[in-house]
Amino acid sequence: MYGLYDCSGYGELEHRVEVKVIYSQLLFNDTVCLRKMNKNASTVFLAIIGITNALSADKSSVAPKREPDSVFCHPLIIGHRGASGYVPEHTLASYALAVFMGADYIEPDLVMTRDHQLVARHDNELGLTTDVAKRPEFSCRRTNKTVDGIELTGWFSEDFTLAELKTLRVIERIPDIRPGNARLDGALLIPTLQEIIDLVKALEISQKRVIGLYPEIKHSTYYRSLGLSMEQKLVDILHRNSYKERNDPVYIQSFEVNNLKELKTLTDLRLLQLFESDKSLQPFDQLQLGTNLTYGQMATPEGLREVATYAYAVGPDKSYIIPRDENNNLGDATTFVSDAHAAGLKVHPYTFRAENNFLPSEYQTKDKVPTEIGNLAAEIQAYFDAGIDGLFCDQPDKPARIRNCSR
């Protein structure tokens, strides 16, 4: 059973944990190893812009766990790659900021290293989000690969050991849209799943609340073909950290199907089936198996009933719920939410982002400049009104301000 204050895996932890947020003295401190904390007050340095928090809590102050997600406000807020609208994605700084902004869950995408370690990256190709291209010692690792049927050139996580990845520094994925994030280029490190869990457990104490984990398995079939299967490894880490039961604050998500069915036999933790935006596409494992199953078929009432045999929830691209019209405005809501609910599934669409570049036209600023922040709250409200149960958001403070905290 999940123990909120089970400190196994990172040593003794006193009631007082100081979380100091330091921007002017980053020096790569976002990967502090919480496992080295002893019985003295411990300091965790996290690179988050502009605030300093010193927080303490008593272990008895957190309410006991009840039914799945009953300790959270609703709809659920999932910090997409952390608070990636403000800090480079998939860093301890991004995850911590998402928590401070009110996210109920943080979402680490997981890829595998050569030495079988799970780390947080959206892509196994590292050139988009690290400084690997500027590292002459790794120039010979640049190569061509086909990942999920797509030809890529770059540097890949599975060709690096964890120790080697720890020498890299994170950079902003979309600096043209988020130039503010790019000011942190070179300051943050790639975290392991265990470091993320350690952070979550420390922040639960300082924030006096439950914080959920929402890991996504990336490229499952591809990694399996390399002898780097992720499913059992992920389950082992979660179970070792006392995340074991259906009620525990964890969802495991994937765009593939058969790995979720396998996970159903390995753990009681809840599973979420992701849906690609293009309904004509197939989950890659189904393509490899030669089935005809598409995401569009999975989104029908019959398809959703089948998904419900192995998953607790679905994560569609938000266009499945409210498509956009030819003018890039929101159209009418579909029956996807009601169909999913009828099948017994929760609905957590992705991805909500505040910049004009990602918003429907009616919620963009008048100047339409891609980097400007538009009216994300209005878009989110439309989806709340459509009956969703949660959402993935790059700026988790935006939905936190407008939801009606129902339980």
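The values are calculated or read from the model by the stated rules, or taken from the named source; none is laboratory data. Fair warning: this is a prediction, and the values are worked out from it, not measured in the lab. Note: ideal-geometry Cβ built from the backbone for every residue, glycine included; neighbour counts use all protein chains shown. Remember, those area values only see protein heavy atoms, side chains included, never the ligands or the DNA or RNA. Shrake-Rupley method; radii C 1.70, N 1.55, O 1.52, S 1.80 Å.
Over all alpha-carbon pairs of the stretch 94-214, lay out the pair-distance distribution in 5 Å bins, whole %, shortest bin first.
2, 10, 19, 20, 19, 15, 9, 4, 2, 0
Strictly over 24 Å apart at the Cα level, which of 218/279; 218/318; 145/318 would you flag in this model?
Too far apart for the 24 Å limit: 145/318.
Counting alpha carbon pairs within less than 8 Å and at least 6 residues apart, what relative contact order, in whole percent, applies to the stretch 254-379?
Relative contact order here is 19 percent.
Quote the relative contact order of the stretch 208-326 in percent (integer), defining contacts as alpha-carbon pairs under 8 Å separated by 6+ residues.
Computed value for the stretch 208-326: 23 percent relative contact order.
Could you give the nm distance between label points at residue 381 and residue 67, where each point is 7 Å from its Cα heading toward the beta carbon?
About 2.9 nm, to one decimal.
How far apart, in nm, are the 7 Å Cα→Cβ label points at residue 333 and residue 185?
4.2 nm
Taking the Cα centre as origin and putting +1 on Lys and Arg beta-carbons and -1 on Asp and Glu beta-carbons, what dipole magnitude results for the stretch 322-407, to the nearest 20 debye?
Here the stretch 322-407 has a charge dipole of around 340 debye.
Quote the charge dipole size of the stretch 138-257 about the Cα centre in Debye, to the nearest 20; the model charges only the Cβ of Lys and Arg (+1) and of Asp and Glu (-1).
260 debye
How much FRET efficiency would the formula 1/(1 + (r/R0)^6) give for residue 142 and residue 208, where r is the Cβ-Cβ distance and R0 is 35 Å, rounded to 0.05?
0.15
Obtain the nm distance between the two label points defined at residue 159 and residue 341 by a simple spin-label model: each point lies 7 Å from its Cα along the Cα-to-C-beta direction.
4.9 nm
Given a cut-off of under 8 Å on Cα pairs at least six residues apart, what relative contact order in percent is computed for the stretch 80-171?
25 percent
Where the convex hull is taken over the Cα atoms of the stretch 270-407, what is its projected area averaged over directions, in nm²?
With the hull built on Cα positions only, its mean projection is 9.3 nm².
Tell me, what % of the accessible area of the stretch 264-374 is carbon and sulfur with a 1.4 angstrom probe?
47 percent
For residue 292 and residue 326 in one chain, what is 0.36 nm times their gap in residues minus the Cα-Cα distance, to one decimal in nm?
9.3 nm
Starting from the Cα-Cα distance between residue 246 and residue 134, subtract it from 0.36 nm times their residue separation and give me the gain in nm to one decimal.
Extending this stretch completely gives an extra 35.9 nm.
Peptides 92-105, 172-185: what's the order by average Cβ count within 10 Å, highest mean first?
The peptides rank, most packed first, as 92-105, 172-185.
Search the structure for amide H atoms under 5 Å from the amide H of residue 352, placed 1.01 Å from N in the peptide plane, and list their residues when 5 or more places away or on another chain.
Those lying under 5 Å, H to H, from residue 352 are 392, 393, 394.
So what J values fall out for the stretch 146-160 if you push phi through Karplus, 6.51 cos²θ - 1.76 cosθ + 1.60 with θ = phi - 60°, rounded to Hz, Gly and Pro as x?
10, 10, 6, x, 10, 7, 10, 10, x, 10, 10, 4, 6, 9, 10
Return the sequence-ordered ³J(HN,Hα) values of the stretch 207-223 in whole Hz as given by the Karplus equation 6.51 cos²θ - 1.76 cosθ + 1.60 applied to θ = phi - 60°, using x for Gly and Pro.
8, 6, 7, 6, 10, x, 10, 9, x, 10, 7, 9, 6, 4, 5, 4, 5
For the stretch 326-350 and the stretch 90-158, what is the separation of their C-alpha centers, rounded to whole Å?
30 Å
So what's the gap between the Cα centers of the stretch 175-193 and the stretch 274-313, to the nearest angstrom?
Here the two parts' Cα centres lie 33 Å apart.
Which of the peptides 393-401, 251-259 is most tightly packed, and how do the rest follow, judged by the mean count of other Cβ atoms within 10 Å per residue?
251-259, 393-401
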